[in-house]
Each structure stands twice: as structure tokens, then as C-alpha cells.
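> Could you have a look at this structure, given as C-alpha cells, before my questions?
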Amino acid sequence: MYNGKSVSVILLAAGASTRMGSNKMLLDFGGLSPIDLCIKAFIDFADEFLITYSADTYSKVEAACSHIQVPFKLVQGGNTRQESVYNALCESSCEIVAVHDCARCLVTKEIIRSSIESAIEFGCGIASTRVTDTIRNTETGDTVDRDSLIAAQTPQSFRRTDLLRSYNSANKSFTDDAAVYKSNGGVLYYSKGSTENLKLTTPDDIGLFMAILALREE
């Protein structure tokens, strides 16, 4: 229970890792996989874990779950992220659901707490950061007003019944849970993200992730 609400944590570990060249869920950071790191970050908030897997990641997910002290389910991932979330969401049972991409294995407890608290108070909490780079339209070359832009991350947390209703009503593909929720009339609320809450995407990211984790250990 967190602030009087039960919390289901959905961890997504069924992606293809196309840009990495090999499955990033199998990477090792000081003896811990990205899945291990995410479980470690979420463990204080979770009443249950639902972790999606693919054929490539099943053994790694199974190993990561061997030390979890709360109920958990391994859920077969779908062909898309949206399908994987829906499969796990249908297996969840708590009042609040926090959905997180295991590729963002640098997530902190502060970010998680902010997302869940926003979902409890407002119905949803989308971890996000302000855009600080200069953004240009590739066709016109004009700059885009960045004051109105945010970069969405995960976790994205919601009241479970509201998110499930949105997924059941979805009639096209969406890139994240916030978009699914908004498509069914949900109002988005943005919680605290971090520039360190990076997404493990290409081989160039591995050294940076290792350096950040080493600094945190110190």
C-alpha cells in the first residue's frame, strides 16, 4: 500500500531492442540486469509486479523475480508495446497501476513516488521533463516554442479502472499509455521526471549508464 492505495507495477521487458543490436534486457550493470534495477527501484511501492517477457527475455525475467517478496506474475508480451501493456493490465488487480519501460533502468524512487502520488490525487501521473534544447521544424527551419513542450518518460501511473477502460476503448495504435488514456477523455497530469531517467536505446548509451550507476554507488 502507498498512501492508502494498492499499487500494481507493470514492467515492460518484451521489446525487440532493434536499435541496440542485441537484447538490452540481457545487459549486465554490476551484476544486475535492467529488469533487476527496475524491480529494485519499485519494490517499496509495489503490492504486485506484472512483468512482460519475450522468448529472448523470459529466463532473465524469471531470474529477476526469484527474490521478489511481493506477489508477481510473468506476462507474455504482445507484438507491440500497447499489446504488452494491455496483457499485463488485464492481469493486474490493484487500485493504482504504474507502467514502466525497463529500458529506463536509471529511474529513481523520487520519480516513482511523484508519478504514483499524482495518479492518486489527479488520476494520472506522467513522468516528464521540460524541453531545453532548441527544436526546429525540419520542413520550415522555424524554431518551435519549447515553453509549451515536455518530454514524456515513464513511469506513467493511473487509476487502474480508468486506464483499463481507455485500453478497452482504444481503436488504433498509440505510442504510450498517456496517449491511450487521453484518447478516452482522460486529462493528463505531469509528474517530476529527470534528465537522468534516460532510455537505454543504442550501444553508445551503455557507458553512460554504467557511469551514472557507478556515481550513485559512491
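> Set the bar at 23 Å for Cα to Cα. Now go through K5/K199; K40/K73; K40/K60; K40/K192; K40/K199; K109/K172 and name every pair that lies beyond it.
K5/K199; K109/K172
> In whole percent, what relative contact order does region 1-80 give with Cα contacts below 8 Å and a gap of six or more residues?
RCO, region 1-80: 37 percent.
> With just the Cα atoms defining each centre, how far is region 5-47 from region 156-173? Give it in Å.
A separation of 22 Å, based on Cα centres.
> Kindly provide the trypsin sites (Lys or Arg not before Pro) of region 116-190 that DSSP labels as loop, not H, G, I, E or B, and whose Cβ sees at most 10 other Cβ atoms within 10 Å.
Answer in residue order: K172.
> Using helices alone, what [θ] at 222 nm do you get for the chain, with -39,500 (n - 2.57) per DSSP H run of 4 or more residues, divided over all residues and rounded to the nearest 500?
-10000 deg cm²/dmol
> Another question about this same structure. What do you get when you divide the Cα radius of gyration of the chain by 2.2 N^0.38 Å, with N the number of residues?
Relative to the 2.2 N^0.38 Å estimate, the chain comes out at 1.00.
> Next question, about the same structure. In terms of the ratio Rg/(2.2 N^0.38 Å) built on C-alpha atoms, what value belongs to region 159-218? Let's see the in-between values first.
On the way: Rg = 16.8 Å, N = 60, 2.2 N^0.38 = 10.4 Å.
Working it through for region 159-218, the quotient is 1.62.
> Summarise the accessible area of region 1-58 (1.4 Å probe, protein heavy atoms) by the percent that is carbon and sulfur.
50
> Counting only the backbone N, which residues of region 145-167 are under 17 Å from the spot 7 Å out from the Cα of R136 toward its beta-carbon?
Hits in region 145-167 for R136 at 17 Å: 145-146.
> Out of the total accessible area of region 69-213 (probe 1.4 Å, heavy atoms of protein only), what percent is carbon and sulfur?
Its accessible area is 47 percent carbon and sulfur atoms.
> If eta is 1.567 mPa s and T is 4 °C, what Stokes-Einstein diffusion coefficient results for region 106-216, Kirkwood Rh from Cα pairs, in µm²/s?
83
> Using only Cα atoms, what is the ratio of the radius of gyration of region 1-78 to 2.2 N^0.38 Å? Show your work: numbers first, answer last.
Details: Rg = 12.7 Å, N = 78, 2.2 N^0.38 = 11.5 Å.
Taking the Cα Rg and dividing by 2.2 N^0.38 Å, one obtains 1.11.
> Continuing with this model, one more query. Using Cα-Cα distances under 8 Å and only pairs 6 or more residues apart, what relative contact order does the chain have, in percent?
After rounding, I find 23 percent.
> Tell me the per residue accessible area of the chain using a 1.4 Å probe; a whole number in Å² is fine. Write out the running numbers ahead of the final one.
Details: 11040 Å² over 218 residues.
Per residue, the chain has an accessible area of 51 Å².
The values are calculated or read from the model by the stated rules, or taken from the named source; none is laboratory data. Because the structure is predicted, anything quoted here is derived from the model rather than measured. Neighbour counts are summed over all protein chains in view; Cβ atoms, including those assigned to glycine, are modelled from backbone coordinates with ideal geometry. Keep in mind that these areas ignore ligands, DNA and RNA; they rest on the heavy atoms of the full protein, side chains included. Shrake-Rupley method; radii C 1.70, N 1.55, O 1.52, S 1.80 Å.
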